[in-house]
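Read the structure below first, then the notes.
The values are calculated or read from the model by the stated rules, or taken from the named source; none is laboratory data. Since the structure is predicted, the reported quantities are computational estimates derived from the model, not experimental observations. A quick note on method: Cβ atoms are made from the backbone with ideal geometry, for glycine too, and the neighbour counts reach across all protein chains shown.
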Amino acid sequence: MKKRTIVLIAFIILKFLLQYLLISPEYDLQRDEYLHLDQAHHLAWGYLSVPPVTSWISFLILLLGNSIFWIKFFPALFGALTILIVWKAIEELDGDMFALITGATCVLFSAILALNTLYQPNSLDVLSWTAFYYCIIRYINSEKQKWLLLAAIVFAIGFLNKYNIIFQLLGLLPALVLSPQRKVFTRRGFYLAALLAFVLILPNLLWQYNNDFPVVRHMKELSRYQLVNVSRVVFLKSQLLFFFGAAIVILSGLGALVAYRPFQKYRLFFWTFIFTLSLFIYFKAKDYYAIGVYPVYIAFGAVFLSRVLSGDWKRYLRPLVIIMPLLVFFPMYKVAFPNNGPEYILKHQQEYKRFGRLRWEDGKDHALPQDFADMLGWKELAHKVDSIYAQLPTRSKTLVLCDNYGQAGAINYYSKKGIQAVSFNADYINWFVLDERYDNLIRVKEYYDRGDELQQTGGYFLTGVAADSVTNPNAREYGTTIFLFTGAKIDIRARLKDEIVEERKY
């Protein structure tokens with residue numbers, strides 16, 4: 001076995017180990033993960049929240065046992081494959097062992113490590129961006145049509161995983177026009193690749209059309225409630241922090257694309273970077289949307305530095321380039337990952353605030369990072385719902401109706417009673433099955449929206465009581481109340497259908 005292969009395998013093993021070690025057992029899954037896992041039970045060509053690829057992976061996880069190990073395995077796998085593709089890109093650029101180790105280290109000890117702790121589309125999104133850029137490099141070097149076709153397949157997978165990859169295409173096309181590579185527009189292979197990509201994503205486009213393009217409504221909601229709180233200055237600051245340890249390498253790569261003659265044929269990647277980041281900034285995108293941009297520039301930078309830091313005294317700077325991501329990783333290790341429990345974070349809030357970790361999507365600072373607060377209270381909620389459910393007559397029909405997708409997904413994942421909770425929120429709005437009359441209702445309400453639930457819903461049932469609530473003060477769901485209504489006086493399906501119709505309008 002070659003030395004290069006041994007080193008690469010070592011990086012891959014380290015990657016998997018870190019992904020499992022960086023999550024404290026004090027945390028549950030994150031709210032988005034529960035929704036994604038539930039999609040395995042409702043396979044379709046599209047969803048209100050994400051395209052279909054996540055559901056396919058969730059179905060595979062379900063077949064493998066639906067355990068935490070497999071849930072965390074796939075984002076770790078996508079991160080490991082990102083390292084592999086950067087490694088292959090460096091080899092394609094004729095990088096030496098120093099360049100390979102530099103590239104792998106910069107990718108491993110970066111924001112991608114934190115991204116890969118969560119089972120979300122983001123990990124595959126970064127992999128798709130990196131693989132797409134790699135195909136472009138291979139096409140530039142060979143001008144073989146197969147690399148355009150492979151790029152089309154990668155783009156289609158990325159599109160069916162997360163629509164964010166459209167920004168990559170929008171950034172690349174004008175860069176192609178400005179470069180000598182514009183000749184690709186005269187090649188038959190380019191249009192075959194475009195047709196292939198279109199055919200592959202067509203089922204999802206038809207799903208969007210048949211469902212009145214929910215992605216448009218989703219983007220409007222993001223813009224109204226989340227992106228409105230995004231600061232362009234904070235976005236730019238985050239870009240630096242995401243790959244701070246690799247900043248020298250990335251900047252070297254960008255500079256080399258402009259001034260280093262051997263990289264002249266790859267200059268379109270410089271303009272791609274400019275156009276893509278400009279689009280993200282203009283649309284006030286969330287900072288992590290742009291993480292997929294950087295791995296390929298790590299490859300360019302690693303190869304460039306391997307050539308300029310050779311011979312004489314310069315070679316002694318090589319260890320510093322490799323060590324830098326590690327030096328930056330250690331302080332970030334304390335704040336970027338869910339490896340410290342809530343009590344530790346509450347005692348060291350200034351450390352987290354310094355890195356902007358306490359800022360949530362509402363634009364305000366909170367006690368815990370948002371993702372961490374979203375990983376607490378779910379087991380408690382599910383177990384309490386199970387306990388209440390177990391007290392009901394076995395022959396009675398009970399509906400478990402939740403306020404948000406995290407509540408419904410967590411109950412469905414942890415329930416030992418086979419409960420299939422639903423919600424008017426996110427994809428659950430399309431998963432209601434109202435084939436039978438319900439005798440009882442377990443209503444899970446967010447703390448700020450409890451209102452007069454007993455009065456509003458109690459009239460439809462013989463009894464109603466606030467049975468329990470989430471008591472973990474560090475959970476984002478703290479105070480969420482579980483109401484129990486028994487002995488339905490009327491068939492509540494008509495009311496539920498009316499609410500479903502109203503919610504689907506929005």
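Suppose we keep only residues that are under 16 Å from Leu22 (Cβ atoms) and either in the same structural domain as Ala408 (by TED's automatic domain parsing) or free of Cβ contacts under 8 Å to residues at least 24 places away in the same chain (or both) within segment 346-370. Which one would you say is farthest from the chain's Cα centre (by Cα)?
Within segment 346-370, the match that is farthest from the chain's Cα centre (by Cα) is Tyr352.
Within the group Gln30, Gln19, which residue is buried (at least 20 other Cβ atoms within 10 Å of the Cβ) and out of contact with any Lys or Arg (no Cβ under 9 Å at 6 or more places or on another chain)? Steps first, answer last, please.
Working: Gln19 fails: out of contact with any Lys or Arg (no Cβ under 9 Å at 6 or more places or on another chain).
Criteria check complete, one pass: Gln30.
So, in segment 306-338, of the ones that are exposed (fewer than 15 other Cβ atoms within 10 Å of the Cβ) and among the small types (Gly, Ala, Ser), which residue ends up nearest to the chain's Cα centre (by Cα)?
Looking at the filtered set, the residue picked out is Ser310.
From the list Thr82, Thr105, exactly one residue is of a type in the set (Ser, Thr, Tyr) and more than 20 Å from the chain's Cα centre (by Cα). Which is it?
Matching residue, one of Thr82, Thr105: Thr105.
Please find, within segment 469-491, the residue that is surrounded by the fewest Cβ atoms within 10 Å (Cβ to Cβ) out of those that are under 26 Å from Arg437 (Cα atoms) and free of Cβ contacts under 8 Å to residues at least 60 places away in the same chain.
Top of the filtered list is Lys489.
Which pairs do you get when a residue that is outside the structural domain of Glu33 (by TED's automatic domain parsing) and within 14 Å of Tyr288 (Cβ to Cβ), found in segment 117-136, comes within reach of a residue that is surrounded by fewer than 24 Cβ atoms within 10 Å (Cβ to Cβ) and at pLDDT below 95, reach meaning Cβ atoms under 7 angstrom, with the pair 6+ apart or on two chains?
Once the first residue is outside the structural domain of Glu33 (by TED's automatic domain parsing) and within 14 Å of Tyr288 (Cβ to Cβ) and sits in segment 117-136, no partner that is surrounded by fewer than 24 Cβ atoms within 10 Å (Cβ to Cβ) and at pLDDT below 95 comes close enough.
Run down Lys15, Lys72 and say which single residue is modelled with pLDDT of 95 or more, touching a helix residue (DSSP H, G or I) at 6+ places or on another chain (Cβ under 6 Å) and basic (Lys, Arg).
Lys15
Examine segment 464-481 for a residue that is within 24 Å of the chain's Cα centre (by Cα), under 28 Å from Val215 (Cα atoms) and outside the structural domain of His366 (by TED's automatic domain parsing), and state whether such a residue exists.
Taking every residue of segment 464-481 in turn, at least one turns out to be within 24 Å of the chain's Cα centre (by Cα), under 28 Å from Val215 (Cα atoms) and outside the structural domain of His366 (by TED's automatic domain parsing).
When segment 133-149 is examined, which residues are found to be of a type outside the set (Ser, Thr, Tyr), surrounded by fewer than 20 Cβ atoms within 10 Å (Cβ to Cβ) and assigned to a helix (DSSP H, G or I)?
Scanning segment 133-149 gives Arg138, Ile140, Asn141, Gln145, Lys146, Leu149.
Of the residues in segment 418-443, how many are more than 23 Å from Leu43 (Cα to Cα) and in contact with a Phe, Trp or Tyr (Cβ under 8 Å, 6 or more places away or on another chain)?
Matching residues across segment 418-443 total 4.
Among the candidates Ala152, Ala197, Ala193, Ala114, which residue alone is over 25 Å from Ser49 (Cα atoms) and of a type in the set (A, V, I, L, M, F, W, C)? Write out each step before concluding.
Numbers: Ala152 fails: over 25 Å from Ser49 (Cα atoms); Ala197 fails: over 25 Å from Ser49 (Cα atoms); Ala114 fails: over 25 Å from Ser49 (Cα atoms).
Only one candidate passes the filter, namely Ala193.
Of the residues Tyr289, Tyr282, Tyr352, which single one is modelled with pLDDT of 85 or more, within 22 Å of Gln239 (Cα to Cα) and buried (at least 20 other Cβ atoms within 10 Å of the Cβ)?
Testing whether each residue is modelled with pLDDT of 85 or more, within 22 Å of Gln239 (Cα to Cα) and buried (at least 20 other Cβ atoms within 10 Å of the Cβ) leaves just Tyr352.
What's the total number of residues in segment 110-132 that are in a loop (DSSP other than H, G, I, E, B) and either buried (at least 23 other Cβ atoms within 10 Å of the Cβ) or among the β-branched types (Val, Ile, Thr) (or both)?
First pass over segment 110-132, keeping only residues in a loop (DSSP other than H, G, I, E, B): 110, 116-121.
Narrowing further to those that are either buried (at least 23 other Cβ atoms within 10 Å of the Cβ) or among the β-branched types (Val, Ile, Thr) (or both): 110, 116-117, 119, 121.
So the count comes out to 5.
Can you tell me which of (1) within 23 Å of Tyr405 (Cβ to Cβ); (2) surrounded by fewer than 19 Cβ atoms within 10 Å (Cβ to Cβ); (3) in contact (Cβ under 8 Å) with a residue 40 or more places away in the chain is the one Gly341 doesn't meet?
Failed condition: (1).
Condition first: farther than 20 Å from Phe461 by Cβ and under 25 Å from the mean Cα position of the chain (by Cα). Can you find one or more residues in segment 433-444 that meet it?
So far as segment 433-444 goes, no, none of its residues is farther than 20 Å from Phe461 by Cβ and under 25 Å from the mean Cα position of the chain (by Cα).
Being touching a helix residue (DSSP H, G or I) at 6+ places or on another chain (Cβ under 7 Å) and within 23 Å of Leu108 (Cβ to Cβ) is the filter here; which residues of segment 357-371 pass it?
Pro369
Assuming Asn204 fulfils every condition listed in (1) farther than 25 Å from Ala299 by Cα; (2) touching a Ser or Thr at 6+ places or on another chain (Cβ under 9 Å) apart from one, which condition is it?
In the conditions (1) farther than 25 Å from Ala299 by Cα; (2) touching a Ser or Thr at 6+ places or on another chain (Cβ under 9 Å), Asn204 misses (2) alone.
Go through segment 275-289 and give me each residue that's assigned to a helix (DSSP H, G or I) and either without any contact (Cβ under 8 Å) to a residue 40 or more places away in the chain or over 13 Å from Ser110 (Cβ atoms) (or both).
Within segment 275-289, Phe275, Thr276, Leu277, Ser278, Leu279, Phe280, Ile281, Tyr282, Asp287, Tyr289 qualify.
Hey, could you check segment 482-494 for residues that are of a type in the set (A, V, I, L, M) and outside any loop (DSSP other than H, G, I, E, B) and say which is nearest to Pro342 (Cα to Cα)?
Per the stated criteria, the residue is Ile482.
Which one of Phe98, Phe69 is assigned by TED's automatic domain parsing to the domain that holds Leu240 and either closer than 27 Å to Ser306 by Cβ or not in a helix (DSSP H, G or I) (or both)? Give the derivation first.
Details: Phe69 fails: either closer than 27 Å to Ser306 by Cβ or not in a helix (DSSP H, G or I) (or both).
None of the others qualify; the one that does is Phe98.
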